[in-house]
Amino acid sequence: MPRYNAPFEIHVHGQVPLRKDVSFEQLQEVLKPLWKYAGARSLSDGANSSYEDEPGIKFDAHGHLLQMCWTVAGDQDFRQSLDDLCMNLNDVAEAGAAVEVTFYDAEYDEEDSSQGNESRDDFLMLFVGPNPAAIMQVQRDLLVQDVISLMERHFDGAELSGVVAEVDKLFSQRFDALVSSLALGKPSSGLGGNHGGGHGGGGRKPRHLH
């Protein structure tokens, strides 16, 4: 059912490459945690965003791509829906992908900002993929982009190959540790496919993440 007094507007944004055999019916079940949370009875009914200027949830059957730019009113319980969503997407993803989720404090306004009060905004970066290697690859690529972007303010890009090599070394060590833990039958840590950083307060992220 609609959440008229929900404390957050929650924006889900990302593109996930899908296996070629994934049908709309399968995707509807995969995305059930989202459209059911929105109070809809089907993906078609729940694919529209709370904002008309956002494309919502789109299935590109020709390009085998799931596109999400979708906002729903909700609370912290939406995090459970995200856990279920990531598990489902892992089963149909063709490659690793990142999904950005932003919780906007719906009760925060300009008066709060002028008084120095912090919002309860939060931001998560979720990672999905068909296997741990695919998830780690997209994590690695995003980290390299962030590091290069930061360091190019001070160094020429050609000088940063060593930094990239060190990042690759760290991910290689993590992957080797994961493989080792799985071989021994131990639960792995640090790679659930849906982990990311979060932050609250301070400057607010823009609603659109295009």
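The values are calculated or read from the model by the stated rules, or taken from the named source; none is laboratory data. The model shown is predicted, which means the values in this text are computed figures rather than measured ones. All Cβ positions, glycine included, derive from the backbone under ideal geometry; neighbour counts span all protein chains shown. All accessible areas refer to the heavy atoms of the entire protein, side chains included, with ligands and DNA or RNA removed. Shrake-Rupley method; radii C 1.70, N 1.55, O 1.52, S 1.80 Å.
At a probe radius of 1.4 angstrom, the accessible area of the range 1-82 per residue rounds to 54 square angstrom.
Modelled spin labels at Lys169 and Ala61, positioned 7 Å past Cα toward Cβ, are 5.0 nm from each other. The three principal axes of the Cα atoms in the range 47-152 give end-to-end lengths of 47, 39, 26 Å, sorted in falling order. With R₀ set to 22 Å, the beta-carbon distance separating Gln15 from Gln80 gives a calculated FRET efficiency near 0.40.
Write down the Å³ per residue value for the convex hull defined by the alpha carbon atoms of the range 1-101.
Given the Cα convex hull of the range 1-101, per-residue volume reads 89 Å³.
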